[in-house]
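Visitor: Provided herewith is a single structure, encoded as structure tokens, for subsequent inquiry.
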Amino acid sequence: MDTLLEQLPIPLLVWYRENARVLPWRSAPAPYHVWLSEIMLQQTRVAAVLDYYRRFLDALPTVEDLAACPEDQLMKLWQGLGYYSRARNLQKAARQIMDLHQGEFPSRYEDIRALTGVGDYTAGAIASIAFGQPVPAVDGNVLRVVARITGDSSDIASPAFKKQVTQKLAQVIPAKAPGDFNQAMMELGAVVCLPNGAPLCEKCPAAGLCRARLEDRTGELPVKAPKKPRKIEKRTVFLLFYENQVALRRRPERGLLAGLWEYPNEPSGVDWSFFGLRPGETWHAGTGKHIFSHIEWHMTGLAALADGPELPEGWVWAGRRELRERYAVPSAFRAFQARVEEGL
């Protein structure tokens, strides 16, 4: 057992109970609520999630409601959060719960881990927070905290380091407060032991234990191997208008932004004739950039007025109401939203 981590639980829990942010899934830690919050928080900041979380639960208050939700409504509820496969996996898992567990959220770690879209971290979070099981929940925040406290210069992105940290925390997680311990570790990494910029060591309950602080190495730790540079794609976004409507098409069911509605777009060099269209007046509609995990889109907008209502197969017309209530257009196209509003 790591002696530094062995000393951590008591000061950490005292700090957490005095300083924890008030969050809705903490106030009502039902399994469904904890699960939803953890999936939403993947790749997304807490502040950005709060409104989505409340709106989602208002619309789909139970696992059964989620399982039965039409896909377009589900995507609309998720619109703006990105990584839409998370929402699809949520629904797949909800249907698993209905089919395999008679609608009751499973309480065993192994059964939670078997749900679609649920990894080790999410299963540990649900098992500990909702069911009081002493299972670690190790995410990026936790890896950073442990690397600094223990002075470990291993690559924190490596599976071996994550496995090692999980094993160490399993030895020190308090059996009577596993959920608070896991949330405290996450909280410490989110608000004190910061990922970008200097950690706020003067506020840290582990300041007296932390090797990175005592050895003046907080700027060096954690160590993380550099990511491969993202591929850059230049694309043209086509904004086609007709009688206060804009054209949308649905993306393929597999791949990036799978199954979502979008403003038609293609690699740069393509023009309207690619779609068999010969619109009337056309104009430049601005530029935009969107960063995905492994790719960047550098986009140029091209707008036009259609001569009539005919559209290529699979395209639809959408007015303001449809864009607001029905069709989920990814935030990748946010840079063009003002131009769309002008054209409607």
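The values are calculated or read from the model by the stated rules, or taken from the named source; none is laboratory data. Just so it is clear, the model here is predicted, and its values are computed rather than measured. Glycine also receives a Cβ, built like all others from the backbone with ideal geometry; neighbour counts cover every protein chain displayed. Side chains are part of the model used for accessible areas, which takes the heavy atoms of the whole protein and leaves out ligands, DNA and RNA. Shrake-Rupley method; radii C 1.70, N 1.55, O 1.52, S 1.80 Å.
Visitor: Taking just the C-alpha trace of region 22-160, give me its Rg and Dmax in Å.
Guide: In order Rg, Dmax, the Cα atoms of region 22-160 give 15.5, 49 Å.
Visitor: Distance from the Cα centre of region 96-171 to that of region 194-242, in angstrom?
Guide: 21
Visitor: Quick one: what does P(r) look like for region 233-278 with 5 Å bins over all Cα pairs, in whole %?
Guide: Whole-percent P(r) values from 0 Å outward: 5, 19, 24, 27, 18, 5, 1.
Visitor: Grab the alpha carbons of region 197-249, take their convex hull, and tell me the volume per residue in Å³. Walk me through the intermediate numbers first.
Guide: Working: hull volume 11.2 nm³, N = 53.
Spread over its residues, the Cα hull of region 197-249 gives 211 Å³ apiece.
Visitor: How charged is the neighbourhood of Asp307? Take every other residue with its Cβ under 14 Å from the Cβ of Asp307, and add Lys/Arg as +1 and Asp/Glu as -1.
Guide: Working: positive: Arg278; negative: Glu243, Glu281, Glu310.
Net of charged neighbours comes to -2.
Visitor: Same structure, new question: Output needed: percent of Cα pairs per 5 Å distance bin for region 11-103, bins running from 0 to the one holding the longest distance.
Guide: P(r) for region 11-103, in whole percents per bin: 3, 13, 24, 23, 18, 9, 6, 4, 1, 0.
Visitor: Something else now. With only alpha-carbon atoms counted, please give the Rg and Dmax of region 78-138, in Å.
Guide: 12.1, 35
Visitor: What accessible area per residue comes out for region 96-166, rounded to a whole number of Å², with a 1.4 Å probe?
Guide: 41
Visitor: Here is a follow-up. May I ask you to compute the full-extension gain from Asn244 to Lys92, defined as 0.36 nm times their residue separation minus their alpha-carbon distance, rounded to one decimal in nm?
Guide: Numbers: separation 152, 0.36 × 152 = 54.72 nm, distance 3.66 nm.
Result: 51.1 nm gained on full extension.
Visitor: Just reorder Asp120, Asp99 by solvent-accessible area, largest first, 1.4 Å probe, all chains present. Intermediate values should be presented prior to the final figure.
Guide: Working: Asp120 85, Asp99 115 Å².
The ranking, largest first, comes out as Asp99, Asp120.
Visitor: Further, regarding this structure: Given all pairs of different Cα atoms, what value in angstroms does the Kirkwood hydrodynamic radius of the chain take? Walk me through the numbers before you get to the answer.
Guide: Numbers: mean 1/r = 0.0442 Å⁻¹.
Result for the chain stands at 22.6 Å.
Visitor: So for region 115-269, taking the charge dipole from beta-carbon charges (+1 Lys/Arg, -1 Asp/Glu), which of Ala225, Leu260, Pro199 sits furthest toward the positive end?
Guide: Final value for the positive-end residue is Ala225.
Visitor: Could you list the trypsin sites (Lys or Arg not before Pro) in region 30-74 that lie in coil according to DSSP, counting only those with at most 12 other Cβ atoms within 10 Å of their Cβ? Intermediate values should be presented prior to the final figure.
Guide: On the way: sites: Arg45, Arg54, Arg55; in loops: Arg45.
Those that pass, being in a loop and sparsely packed, are Arg45.
Visitor: What do you reckon, how do Ile129, Ile10 stack up by accessible area (1.4 Å probe), largest on top?
Guide: Values: Ile129 30, Ile10 130 Å².
Of Ile129, Ile10, the descending order of accessible area is Ile10, Ile129.
Visitor: Sticking with this one: So in the chain, what percent of DSSP beta bridges are antiparallel if you round to the nearest 5? Provide the component values of the computation, followed by the final result.
Guide: Working: 18 of 30 bridges.
Antiparallel bridges: around 60 percent, rounded to the nearest 5.
Visitor: Further question: Relative to the first principal axis of the alpha-carbon coordinates of the chain, what is the inclination of helix 31-41, with its axis defined by its Cα atoms, in degrees from 0 to 90 and to the nearest 10?
Guide: It works out to around 70 degrees.
Visitor: List the GluC sites (Glu not before Pro) in region 221-275 that DSSP assigns to loop (not H, G, I, E or B) and whose Cβ has at most 14 other Cβ atoms within 10 Å. Which are they? The partial results should precede the final answer.
Guide: Details: sites: Glu233, Glu243, Glu253, Glu262; in loops: Glu243, Glu253.
Hits after loop and neighbour filter: Glu243, Glu253.
Visitor: Could you list the trypsin sites (Lys or Arg not before Pro) in region 227-277 that lie in coil according to DSSP, counting only those with at most 16 other Cβ atoms within 10 Å of their Cβ?
Guide: Working: sites: Lys227, Arg230, Lys231, Lys234, Arg235, Arg249, Arg250, Arg254; in loops: Lys227, Arg230, Arg254.
Answer by residue number: Lys227, Arg230, Arg254.
Visitor: Let me cross-check Tyr83: its accessible surface, 1.4 Å probe, with only protein heavy atoms counted, in Å² to the nearest 10?
Guide: So the heavy atoms of Tyr83 present about 100 Å² to solvent.
Visitor: Please report how many Lys pairs in the chain have alpha carbons closer than 16 angstrom, counting only residues at least 8 apart along the chain or sitting on separate chains.
Guide: On the way: Lys162/Lys224; Lys163/Lys224; Lys231/Lys289; Lys234/Lys289.
Close lysine pairs under the 16 Å cut-off: 4.
Visitor: What is the percent carbon and sulfur in the accessible area of the chain, measuring with a 1.4 Å probe over the protein chains and ignoring ligands? Let's see the in-between values first.
Guide: Working: 8520 of 17120 Å².
Answer for the chain is 50 percent, counting heavy atoms of protein chains only.
Visitor: Mean separation of Cα pairs under 8 Å and 6+ residues apart, divided by the residue count of region 235-311: what relative contact order is that in percent? Numbers along the way, then the final one.
Guide: Numbers: 130 pairs, mean separation 29.4, N = 77.
It comes to 38 percent, rounded to a whole number.
Visitor: Over the chain, calculate the relative contact order: mean separation of alpha carbon pairs under 8 Å at least 6 apart, over the residue count, as a percent. Walk me through the intermediate numbers first.
Guide: Values: 532 pairs, mean separation 57.8, N = 344.
It comes to 17 percent, rounded to a whole number.
Visitor: Below 8 Å, C-alpha to C-alpha, sequence gap of six or more: please give me the relative contact order for region 1-141 in percent. Don't skip to the end; give the middle numbers.
Guide: Working: 116 pairs, mean separation 29.8, N = 141.
Reported relative contact order: 21 percent.
Visitor: Heavy atoms of the protein only, probe of 1.4 Å, neighbouring chains included. What is the accessible area of His294 in Å², nearest 10?
Guide: 150
Visitor: For Ser153, Ser158, write out the residues from largest to smallest accessible area, computed with a 1.4 angstrom probe and no ligands counted.
Guide: Values: Ser153 70, Ser158 30 Å².
So the residues, ranked largest to smallest area, are Ser153, Ser158.
Visitor: For Glu202, what accessible surface area do you get with a 1.4 Å probe? Give it in Å², rounded to 10.
Guide: For Glu202, solvent-accessible area is about 140 Å².
Visitor: What is the sum of charges, Lys and Arg at +1 and Asp and Glu at -1, for the other residues whose Cβ falls under 12 Å from the Cβ of Tyr121?
Guide: Details: positive: Arg113, Lys162; negative: Glu38, Asp120, Asp139.
Net charge in that neighbourhood comes out at -1.
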